[in-house]
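Participant: Below is a structure I'd like to ask you about.
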Amino acid sequence: MMCSKKNIAIIGGGPASSTLAIRLCRKGCKVVIFATPGRAPILVGESLVPMIVPMLQDLGVEAEVAAYSVYKPGACFTYNADEAFMFRFADMPKDFPSYSYNVPRVQFNATLLAAALQAGAKLIARNAQLLRVDDAGRIELDAESIQAAAGCWDGDKPDLIVDAAGRANLIGRLLNIPMQKGPRQDVALFAHVDRTELVDPGYVHNDRIDQGWCWRIPLPGRVSLGFVVPEAYALQQGETPERQYDHLLKTDTVLQRLAPDAQRVTEVLHFSNYQSISDKLCGENWVMLGDSGGFIDPVCSSGTLIAMTSAYKLADTLLADKPLAEYEAVTKRHLKAWFEIVGFYYNGRLMSSINVGQTLEDTIFNRWLFAWISGHVFRIFSGAAASHPFSLKVLRLLVTYGLKDQNPDVYKIK
Ligand SMILES: Cc1cc2nc3c(=O)[nH]c(=O)nc-3n(C[C@H](O)[C@H](O)[C@H](O)COP(=O)(O)OP(=O)(O)OC[C@H]3O[C@@H](n4cnc5c(N)ncnc54)[C@H](O)[C@@H]3O)c2cc1C
């Protein structure tokens, strides 16, 4: 193996970490994962986009994931409670997966981590701490973590430390690396509910509500329901996340029509401080992977896709002994593309242009045009071409010049 960084420490036990570990261990790297898995009763990240499926196949876990997940044939967007747009993956270009999964996330993480251990990674069940070594921005693991991993690497220290600890952003905080922030100041309130009808039992549902939007993700025996609302609006609903969630569940006029009987069956988790990309993703002996380097927004279910594709890119970069700057450039481009894409959802332009497409006069040319544009749009939202310059250009042109006389404010997310 020509790779000069083959003794790797990965902090975090989420999908980014496990995916990287599997890819590196298969090529003979010595990988140690620092994580304390299995503590949270529920985790976000349950709706997966189709382009995750080929990765699950490559990692050898699709059958296991399928056994406890809900098969996902598409996505349903509701606007104004009575306008629904169903987006069926089977209508996508045929060279892409026509399905995905809605996953109970605690089990999903456990499956990937078990696969990483089976591939040869070592798990140290502790939360690693990081220390700054010098002003040049080198970092190291705390002495206890090094000691706990004794014998796992060639030598007593890793060649590279990977921060895959999610939005904890360990390295960014340690080195005071600025984050580029997005325009929205939303919070997400997340729990599982029962007694909730869905337009289609496998589809992920995205509903525009009085202020903000909510997701409804079908899981075995229950539905994940999360609110994404402006922070100030959440605070008006009650003092605690539980009160805010329960109040929204009972009083939002759209949900009253869509899920009038929904009952919360878990605790409520609260998330803020997202829509951000770290200014730097790598240094001399460290790299950020997955949410630690940037998390855009839950709306397009792109988080796990970005985390896992970045893990593939990082593994390829390390194994080919290329500069980490190459991984950084590709990953930032991917994150920035999703920033732009989710903006088209929030400003109402995406739905307006879809609406125009659906009401086009039925001519041969229009049918061809609709199929051609849809192909590019599907490629983006399935995760296949989110940062592909040509598909992005088509989407930009569509939401800029394809609105005819539609006012995008009708579909804007407040
Ligand atoms: C509200 C919300 C909804 C979302 N919905 C979706 C969705 O439907 N679909 C989707 O694809 N994505 C979704 N995401 C994004 C998705 O959850 C993440 O993008 C994805 O989990 C990133 O994976 P990761 O491995 O980078 O980080 P994580 O999954 O966050 O894993 C990081 C792990 O590191 C651990 N850790 C933290 N500090 C330490 C430490 N010091 N030592 C050791 N371990 C540590 C954490 O406990 C965690 O287990 C959502 C995110 C939010 C906030």
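Participant: On the basis of being at pLDDT 95 or above, in contact with a Ser or Thr (Cβ under 8 Å, 6 or more places away or on another chain) and of a type in the set (A, V, I, L, M, F, W, C), does residue 281 make the cut?
Facilitator: Details: at pLDDT 95 or above: yes; in contact with a Ser or Thr (Cβ under 8 Å, 6 or more places away or on another chain): yes; of a type in the set (A, V, I, L, M, F, W, C): yes.
Criteria met by residue 281.
Participant: Continuing with the same structure: Any idea how many residues of region 60-97 are among the basic types (Lys, Arg) and touching a strand residue (DSSP E or B) at 6+ places or on another chain (Cβ under 6 Å)?
Facilitator: Looking only at that region, the number is 2.
Participant: Still on this structure, please answer the following. All but one of (1) in contact with a helix residue (DSSP H, G or I) (Cβ under 8 Å, 6 or more places away or on another chain); (2) surrounded by 18 or more Cβ atoms within 10 Å (Cβ to Cβ); (3) at pLDDT 95 or above hold for residue 252, so report the exception by its number.
Facilitator: So the condition that residue 252 fails would be (1).
Participant: Among what's in region 64-85 and is charged (D, E, K, R) and modelled with pLDDT of 95 or more, pick the residue that is farthest from residue 115 (Cα to Cα). Steps first, please.
Facilitator: Within region 64-85, the subset charged (D, E, K, R) is 64, 72, 82-83.
Narrowing the set further to residues that are modelled with pLDDT of 95 or more leaves 64, 72.
Working: 64: 11, 72: 23 Å.
Filtering region 64-85 for residues that are charged (D, E, K, R) and modelled with pLDDT of 95 or more, the one farthest from residue 115 (Cα to Cα) comes out as 72.
Participant: Residue 67 versus (1) surrounded by 24 or more Cβ atoms within 10 Å (Cβ to Cβ); (2) over 30 Å from residue 156 (Cα atoms): which is the lone unmet condition?
Facilitator: (1)
Participant: A follow-up question, please. Give me the residue from region 1-29 that is under 13 Å from residue 118 (Cα atoms) and crowded, with 20+ Cβ neighbours inside 10 Å and, out of that set, farthest from the ligand (Cβ to nearest atom).
Facilitator: Here the residue is 25.
Participant: So how many residues does region 13-50 have that are under 19 Å from residue 217 (Cα atoms) and hydroxyl-bearing (Ser, Thr, Tyr)?
Facilitator: Residues in region 13-50 being under 19 Å from residue 217 (Cα atoms) and hydroxyl-bearing (Ser, Thr, Tyr): 1 in total.
Participant: Let me ask another. Run residue 52 past the list (1) over 24 Å from residue 305 (Cα atoms); (2) at pLDDT 95 or above and report the number of the one that doesn't hold.
Facilitator: Residue 52 satisfies every listed condition except (1).
Participant: Right, another one. Here is a check on your reading of the model: is residue 317 modelled with pLDDT of 95 or more, in a helix (DSSP H, G or I), in contact with a helix residue (DSSP H, G or I) (Cβ under 8 Å, 6 or more places away or on another chain) and more than 12 Å from the ligand (Cβ to nearest atom)?
Facilitator: Working: modelled with pLDDT of 95 or more: yes; in a helix (DSSP H, G or I): yes; in contact with a helix residue (DSSP H, G or I) (Cβ under 8 Å, 6 or more places away or on another chain): yes; more than 12 Å from the ligand (Cβ to nearest atom): yes.
For residue 317, the condition - modelled with pLDDT of 95 or more, in a helix (DSSP H, G or I), in contact with a helix residue (DSSP H, G or I) (Cβ under 8 Å, 6 or more places away or on another chain) and more than 12 Å from the ligand (Cβ to nearest atom) - is met.
Participant: What single numbered condition from (1) in contact (Cβ under 8 Å) with a residue 40 or more places away in the chain; (2) assigned to a helix (DSSP H, G or I) fails to hold for residue 404?
Facilitator: Of (1) in contact (Cβ under 8 Å) with a residue 40 or more places away in the chain; (2) assigned to a helix (DSSP H, G or I), only one is false for residue 404: (2).
Participant: Go through region 343-359 and give me each residue that's part of a helix (DSSP H, G or I), within 21 Å of the chain's Cα centre (by Cα) and either surrounded by fewer than 22 Cβ atoms within 10 Å (Cβ to Cβ) or of a type in the set (Phe, Trp, Tyr) (or both).
Facilitator: 343, 344, 345, 346
Participant: For the subset of region 118-132 comprising residues that are more than 9 Å from the ligand (Cβ to nearest atom) and over 12 Å from residue 13 (Cα atoms), which member is surrounded by the most Cβ atoms within 10 Å (Cβ to Cβ)?
Facilitator: The selected residue is 119.
Participant: Which residues, counting only those in region 360-396, are in a helix (DSSP H, G or I) and surrounded by fewer than 13 Cβ atoms within 10 Å (Cβ to Cβ)? So that I can check it myself, show each step before the final result.
Facilitator: So the first thing to find is which residues in region 360-396 are in a helix (DSSP H, G or I), and the list is 364-382, 389-396.
Answer for region 360-396, where residues must be in a helix (DSSP H, G or I) and surrounded by fewer than 13 Cβ atoms within 10 Å (Cβ to Cβ): 364, 365, 366, 367, 368, 371, 372, 389, 390, 393.
Participant: Being modelled with pLDDT of 95 or more and away from the ligand (no atom under 12 Å from the Cβ) is the filter here, so list the residues in region 284-295 that pass it.
Facilitator: Correct list: 285, 286, 287.
Participant: Given the condition farther than 18 Å from residue 10 by Cα and touching a strand residue (DSSP E or B) at 6+ places or on another chain (Cβ under 7 Å), answer yes or no: does some residue in region 345-367 qualify? Steps first, please.
Facilitator: Initially, region 345-367 is screened for residues farther than 18 Å from residue 10 by Cα, giving 345-367.
Now restrict to residues that are touching a strand residue (DSSP E or B) at 6+ places or on another chain (Cβ under 7 Å): 351, 354.
Yes, region 345-367 contains at least one residue that is farther than 18 Å from residue 10 by Cα and touching a strand residue (DSSP E or B) at 6+ places or on another chain (Cβ under 7 Å).
Participant: Where the second residue is small (Gly, Ala, Ser) and within 16 Å of the ligand (Cβ to nearest atom) and the first is under 16 Å from residue 371 (Cα atoms) and lies in region 90-118, which pairs have Cβ atoms under 7 Å and are six or more apart or on separate chains?
Facilitator: Close Cβ pairs (under 7 Å, with a partner that is small (Gly, Ala, Ser) and within 16 Å of the ligand (Cβ to nearest atom)) amount to 92/382; 96/382; 96/384.
Participant: On to the next question. Give me the pairs: first residue in region 3-17 and in the same structural domain as residue 55 (by TED's automatic domain parsing) and over 17 Å from residue 319 (Cβ atoms), second residue within 16 Å of the ligand (Cβ to nearest atom) and among the charged types (D, E, K, R), beta-carbon distance under 7 Å, and six or more apart or on different chains, which are they?
Facilitator: Correct list of pairs: 11/163.
Participant: For region 215-240, name all the residues that are more than 12 Å from the ligand (Cβ to nearest atom), free of Cβ contacts under 8 Å to residues at least 60 places away in the same chain and either acidic (Asp, Glu) or surrounded by 15 or more Cβ atoms within 10 Å (Cβ to Cβ) (or both).
Facilitator: 222, 223, 231, 233, 234, 237, 239, listed by residue number.
Participant: Filtering region 188-205 down to residues that are within 20 Å of residue 72 (Cβ to Cβ) and at pLDDT below 95, which residue is farthest from the ligand (Cβ to nearest atom)?
Facilitator: The residue in question is 197.
Participant: Any residue at all in region 242-262 that's near the ligand (Cβ under 8 Å from one of its atoms) and of a type in the set (A, V, I, L, M)?
Facilitator: The answer is no; no qualifying residue exists.
The values are calculated or read from the model by the stated rules, or taken from the named source; none is laboratory data. Computed from a predicted model, the values in this text were never measured in an experiment. FYI the Cβ positions are ideal-geometry reconstructions off the backbone, even for glycines, and counts take in every protein chain you see.
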